[in-house]
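What follows is a single structure, written as structure tokens, with notes after it.
The values are calculated or read from the model by the stated rules, or taken from the named source; none is laboratory data. All figures in this text were calculated on a predicted structure; none of them were measured in a lab. We place every Cβ from the backbone using ideal geometry, glycine too, and count neighbours over all the protein chains shown.
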Amino acid sequence: MVTVYSAPNTRAIRVIWVLEEIGAKAEIKSMPYPPRQHAPDYFAVNPTGMVPLLIDGEVRLSESMAICDYLATKHGSPLVVPPNDPERPQFLQWLWYGESTLMTPLSRLNIVRQVERQFERKGGPEVEAIIAGARDHVGERLKMLEQRLEGRDFLAAGRLTLADISVSYPLHLVGMLGVDTLLGPRCVAYRERLRARPAYQRAIAVS
Ligand SMILES: N[C@@H](CCC(=O)N[C@@H](CS)C(=O)NCC(=O)O)C(=O)O
């Protein structure tokens, strides 16, 4: 059976959501976050200490979207838009946007918040400048998502695909980081639409 190492509120949600959408069984090993602090033995399994990690026989993968693609393709799921489909380019665009363009400034914001929590105080003007820059970038980058969602429920092919599952995580992080005001109305409705899926709710509960 497939094993997935996970922690709450991490990119492992994407993987477990895919498993739930395709109805595939897996053993989910959920650890408190961050595993490097709360589950140091995990370093013996994954030397980066990061989640998610998938083990399927000889196959070991530790990039969330690679795992999602691997699982969905293995099960012949319509979550993947195939190479000959005219919607494939847009599928790829939004799949990568979710883990690169949108995640990059959110990760900056996340790191600053974690350090502030660790030292129990706000940073000086330099730190404030990093926060302001990251917020600006998130806001700018969300505008292209807002535009894409005009007249669409999903990002590509008129159905839920891995592109939506990719973008769902940075949208989750936007909420966790308390910058929801950066979301336009279509992004808010889109996030709600994704969250309303029973498979998503089950994934959140077990991640
Ligand atoms: N690009 C990787 C990023 C994985 C990643 O950053 N995981 C975070 C949780 S979302 C993590 O495990 N951080 C803990 C750490 O760095 O110690 C992916 O998509 O899986």
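Considering the stretch 148-160, and only residues there that are crowded, with 22+ Cβ neighbours inside 10 Å and touching a helix residue (DSSP H, G or I) at 6+ places or on another chain (Cβ under 6 Å), the residue that is farthest from ALA134 (Cα to Cα) turns out to be ALA156. Counting only strands (runs of 3 or more DSSP E) wholly contained in the stretch 1-79, the ones carrying 1 or more residues that are buried (at least 22 other Cβ atoms within 10 Å of the Cβ) and away from the ligand (no atom under 11 Å from the Cβ) occupy 2-6. Note on the stretch 107-160: residues that are closer than 23 Å to LEU79 by Cβ and not in a loop (DSSP other than H, G, I, E, B) amount to 5. Residue-level analysis places ASP164 outside the set of residues that are outside any helix (DSSP H, G or I) and either modelled with pLDDT under 95 or surrounded by 13 or more Cβ atoms within 10 Å (Cβ to Cβ) (or both).
Among the criteria (1) more than 16 Å from the ligand (Cβ to nearest atom); (2) crowded, with 17+ Cβ neighbours inside 10 Å, the one PRO86 does not fulfil is (2).
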